[in-house]
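The values are calculated or read from the model by the stated rules, or taken from the named source; none is laboratory data. Note that this is a predicted model, so its numbers are computed, not measured. Glycine also receives a Cβ, built like all others from the backbone with ideal geometry; neighbour counts cover every protein chain displayed.
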Amino acid sequence: MILESIKNPRDLKALSSAELCTLADEMRATLLKKISAHGGHLGSNLGIVEATIALHYAFESPRDKIVFDVSHQSYSHKMLTGRADAFLCADKYDDISGYSAPDESEHDFFTMGHTSTSVSLCLGLAKARELTGEGGHVIAVIGDGSLSGGEALEALNYAGEFEGRLIIVVNDNDMSIAENHGGMYRNLKLLRDSKGEAQNNIFKNFGLEYMYVDEGNCIDALIEAFESAKAYTRPVVVHIRTQKGKGYSFAESERESWHATPPFDIATGERLFDKNSDTSYANLTAIALLDKMKTDPAVVSLTAATPTVAGFTEDRRKIAGAQFIDVGIAEENALAMASGIARAGGKPVWAVNSTFLQRTYDQMSHDVCLNSTPVTTVVFASSIFCGSDVTHIGLYDIPMLSSIPRLKYLAPTCKEEYLAMLDWSIEQNECPVAIKIPGKDYVESGRVARRDYSKCEYDITIKGDTVAILALGSFYHIGQELRKELASKGINATLINPLFISELDEDTLEALKREHRLVITLEDGILEGGFGQRVAGFYGNSDIRVLCYGLKKEFPIHYTIDNILKENRITPPQIIEDVLEILR
């Protein structure tokens, strides 16, 4: 097997054209084998195998710096840079990240997993090279979907006047995660259809040099183009046309659903579990919104290129029609546009993963909250229970959103509360509202949820004394377990479901002083600047002791749920140790 002999990109130089093609076949088969067992990003990685081989054949990494945008399509790059065992050996599958990681290899230059950043990063690398006199090429590899991000367009704009060498490889497979959206894609189609000869050329209009490779899955054609690109003394775009999902029929024909996948059966394409199960909050959200859309044309759902975050599969998008908007990979535009819709009387609901919500803090603060527009933001994956890759951690939402005035941030614990909050938020017109989706599939509590969340009032689930447990959102079940174990030790604790993240129910907190000595807060997020610390601040000048449980401020890497809970002392036995110590 040729792949097993590749320990460094330099090893490619000794291979013939036929051997490079054989290597591509081996890499594609290896990708299928690992991802089918482990899960991961499939379509984009299958499509860029030949381009990655050609890049490493033509350039001299790490002296020549190759930066993959998003970097979820860097699996082949990792195979060729000394990490093939993590794809060939099942017991080593978890030895590497699914994204670029400098701590793994000198061939990776940034830890990155958010899109549209590569051209900006590479402009910085190239500028530093010019300033220091260092040699080498800098190559940004960016997909056509990523071009819709504002940062990518800002970088292309600057690159048009940059006086230095920079190679921008545009990997055009005519797809984002779902279909592309935006006017620029008409021009990309024109360029593909004309084999790069169209007079109207978005890249040339930015002032960039331009080359086109129609056979973007042909190693020889790619090597020839990359060698030619080396001769340019100013930024050049090498526009390559590739096939997303190449070599696997299911991924070629259903490109959206195979962008990323859980484990699956290679022969049948059957997924081993459904990431959008009937009991997921994503599925619940889409059903609820489609139901409201039937009777209210003002209701509109927005996404920034991640439609299935809120359960809007292709068939549901067709049902929603004009009441569903995908702005492409452009979170800032999505939220500002939602504010405009709300100002004009519409009822916008923006669904977003917490990790991408970080990209639009200014729009939330300035365009939405400063203007008090009644936008509903549904925040997914803001939990320790939602993935553990450091580039996609969404644990910083509570301090981030709670710091913004006028925003009401809510934390449901079950299906009933979520649907009630969503319905109330859509119909009210007083303030912006965000809803923190619990990190697991929903539970049906059987409780009748309140219908109005305009006033901050906590739910006292069980009235007790001495110890009060304020268990927020996803951590409510930990609060339930903790109360049960405290009861076994003779402590009849009060259990409270706060519901409100960004506000304090001061009446309830004040009332707890009468019969309680200790207040415990539990939150699924970073402790510093979070819900618990605000509660502790309220009790600062009283005799009430407060124990706050959440996560320490860090970028946690490849954690397990059990370990991260124990490391932060969020398990009931650990909390009881702390409680008993204080009560003594």
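If we keep just the residues of region 363-380 that are in contact with a helix residue (DSSP H, G or I) (Cβ under 8 Å, 6 or more places away or on another chain) and more than 24 Å from residue 313 (Cα to Cα), which is surrounded by the most Cβ atoms within 10 Å (Cβ to Cβ)? Talk me through it step by step, then tell me what you get.
First pass over region 363-380, keeping only residues in contact with a helix residue (DSSP H, G or I) (Cβ under 8 Å, 6 or more places away or on another chain): 363-364, 367-368, 371, 373-380.
So of that shortlist, the ones also more than 24 Å from residue 313 (Cα to Cα) come out as 363-364, 367-368, 371, 373-374.
Details: 363: 20, 364: 25, 367: 21, 368: 29, 371: 14, 373: 22, 374: 21.
Selected residue: 368.
For residue 109, are the conditions met, namely being surrounded by 19 or more Cβ atoms within 10 Å (Cβ to Cβ), within 23 Å of residue 6 (Cα to Cα) and touching a Pro at 6+ places or on another chain (Cβ under 7 Å)?
Values: surrounded by 19 or more Cβ atoms within 10 Å (Cβ to Cβ): yes; within 23 Å of residue 6 (Cα to Cα): yes; touching a Pro at 6+ places or on another chain (Cβ under 7 Å): yes.
For residue 109, the condition - surrounded by 19 or more Cβ atoms within 10 Å (Cβ to Cβ), within 23 Å of residue 6 (Cα to Cα) and touching a Pro at 6+ places or on another chain (Cβ under 7 Å) - is met.
So if I check each of 570, 575, which one is of a type in the set (Val, Ile, Thr), assigned to a helix (DSSP H, G or I) and in the same structural domain as residue 468 (by TED's automatic domain parsing)? Quick ask: steps written out before the conclusion?
Numbers: 570 fails: assigned to a helix (DSSP H, G or I).
It is 575.
Considering only region 513-535, state which residues are more than 18 Å from residue 581 (Cβ to Cβ) and among the polar types (S, T, N, Q).
Answer for region 513-535, where residues must be more than 18 Å from residue 581 (Cβ to Cβ) and among the polar types (S, T, N, Q): just 533.
Looking at region 280-292, can you tell me whether even one residue there is within 19 Å of residue 308 (Cα to Cα), touching a helix residue (DSSP H, G or I) at 6+ places or on another chain (Cβ under 8 Å), touching a residue at least 12 places away in the same chain (Cβ under 8 Å) and not in a helix (DSSP H, G or I)?
Pass one, region 280-292, residues within 19 Å of residue 308 (Cα to Cα): 280-292.
Okay, now just the ones that are also touching a helix residue (DSSP H, G or I) at 6+ places or on another chain (Cβ under 8 Å), so 281-282, 284-286, 288-290, 292.
The next check asks that each one be touching a residue at least 12 places away in the same chain (Cβ under 8 Å); those that pass are 281-282, 284-286, 288-290, 292.
The next check asks that each one be not in a helix (DSSP H, G or I); those that pass are none.
No, there is no match, as no residue in region 280-292 is within 19 Å of residue 308 (Cα to Cα), touching a helix residue (DSSP H, G or I) at 6+ places or on another chain (Cβ under 8 Å), touching a residue at least 12 places away in the same chain (Cβ under 8 Å) and not in a helix (DSSP H, G or I).
Under 8 Å between Cβ atoms, which residue pairs at least 6 apart in sequence (or on different chains) link something in region 398-422 that is within 22 Å of residue 480 (Cα to Cα) and assigned by TED's automatic domain parsing to the domain that holds residue 360 with a partner that is acidic (Asp, Glu) and crowded, with 22+ Cβ neighbours inside 10 Å?
That search, which allows pairs on different chains as well, returns 398/523.
Kindly list, by first and then second residue, each pair from a residue in region 449-465 that is under 12 Å from residue 500 (Cβ atoms) to a residue that is of a type in the set (S, T, N, Q), limited to pairs with Cβ atoms under 7 Å and residues at least 6 apart or on different chains.
So the pair list comes out as 454/428; 458/497; 458/508; 459/497.
If I filter region 192-243 down to residues being farther than 27 Å from residue 21 by Cα and of a type in the set (A, V, I, L, M, F, W, C), which single residue comes out as surrounded by the most Cβ atoms within 10 Å (Cβ to Cβ)?
Among those that are farther than 27 Å from residue 21 by Cα and of a type in the set (A, V, I, L, M, F, W, C), it is 203.
Looking at (1) in contact with a Leu (Cβ under 8 Å, 6 or more places away or on another chain); (2) in a loop (DSSP other than H, G, I, E, B); (3) touching a residue at least 40 places away in the same chain (Cβ under 8 Å), which is the only condition residue 328 fails?
All conditions pass for residue 328, except number (1).
Just to check your reading of the model, which residue among 460, 426, 469 is part of a helix (DSSP H, G or I) and β-branched (Val, Ile, Thr)?
On the way: 460 fails: part of a helix (DSSP H, G or I); 469 fails: part of a helix (DSSP H, G or I).
That would be 426, the only listed residue that is part of a helix (DSSP H, G or I) and β-branched (Val, Ile, Thr).
Which of (1) under 23 Å from residue 489 (Cβ atoms); (2) without any contact (Cβ under 8 Å) to a residue 40 or more places away in the chain; (3) within 27 Å of the chain's Cα centre (by Cα); (4) surrounded by 14 or more Cβ atoms within 10 Å (Cβ to Cβ) is the odd one out, the single condition residue 566 does not satisfy?
(4)
Just checking, does region 349-362 include any residue being at pLDDT 95 or above, among the charged types (D, E, K, R) and surrounded by fewer than 20 Cβ atoms within 10 Å (Cβ to Cβ)?
yes
Here are the criteria: (1) buried (at least 22 other Cβ atoms within 10 Å of the Cβ); (2) in a helix (DSSP H, G or I); (3) aromatic (Phe, Trp, Tyr). Tell me which single one residue 185 does not satisfy.
So the condition that residue 185 fails would be (1).
What residue, among those in region 244-267 that are free of Cβ contacts under 8 Å to residues at least 60 places away in the same chain and in a loop (DSSP other than H, G, I, E, B), is surrounded by the fewest Cβ atoms within 10 Å (Cβ to Cβ)?
From region 244-267, those free of Cβ contacts under 8 Å to residues at least 60 places away in the same chain are 249-250, 252-254, 257, 267; that's our starting set.
Subset that is in a loop (DSSP other than H, G, I, E, B): 254, 257, 267.
Values: 254: 14, 257: 21, 267: 7.
Result: 267.
For region 380-415: of the residues being at positive phi and out of contact with any Cys (no Cβ under 9 Å at 6 or more places or on another chain), which is modelled with the lowest pLDDT? Quick ask: steps written out before the conclusion?
At the first step, the residues of region 380-415 found to be at positive phi are 381, 387, 406.
After this cut, where a residue has to be out of contact with any Cys (no Cβ under 9 Å at 6 or more places or on another chain) as well, the list is 381, 387.
Working: 381: 94, 387: 74.
Result: 387.
Anything in region 472-492 that is in a loop (DSSP other than H, G, I, E, B) and closer than 15 Å to residue 573 by Cβ? List them, or say none.
Listed by number, the residues that qualify are 488, 489, 491.
Give me a count of the residues in region 35-49 that are crowded, with 19+ Cβ neighbours inside 10 Å and either of a type in the set (A, V, I, L, M, F, W, C) or in a helix (DSSP H, G or I) (or both).
Residues in region 35-49 being crowded, with 19+ Cβ neighbours inside 10 Å and either of a type in the set (A, V, I, L, M, F, W, C) or in a helix (DSSP H, G or I) (or both): 10 in total.
Checking residue 30 against (1) in contact with a Leu (Cβ under 8 Å, 6 or more places away or on another chain); (2) polar (S, T, N, Q); (3) under 30 Å from residue 157 (Cβ atoms), which test does it fail?
(3)
I'd like to check something: does region 200-211 contain any residue that is under 18 Å from residue 145 (Cβ atoms) and in a helix (DSSP H, G or I)?
yes
Could you identify the single residue in 145, 133 that is surrounded by 20 or more Cβ atoms within 10 Å (Cβ to Cβ), modelled with pLDDT under 95 and assigned by TED's automatic domain parsing to the domain that holds residue 49?
Details: 133 fails: surrounded by 20 or more Cβ atoms within 10 Å (Cβ to Cβ).
Result: 145 is the single residue among 145, 133 that is surrounded by 20 or more Cβ atoms within 10 Å (Cβ to Cβ), modelled with pLDDT under 95 and assigned by TED's automatic domain parsing to the domain that holds residue 49.
Determine if region 498-505 includes at least one residue that is under 17 Å from residue 409 (Cβ atoms), charged (D, E, K, R) and over 31 Å from the mean Cα position of the chain (by Cα).
Yes, there is a match, as at least one residue in region 498-505 is under 17 Å from residue 409 (Cβ atoms), charged (D, E, K, R) and over 31 Å from the mean Cα position of the chain (by Cα).
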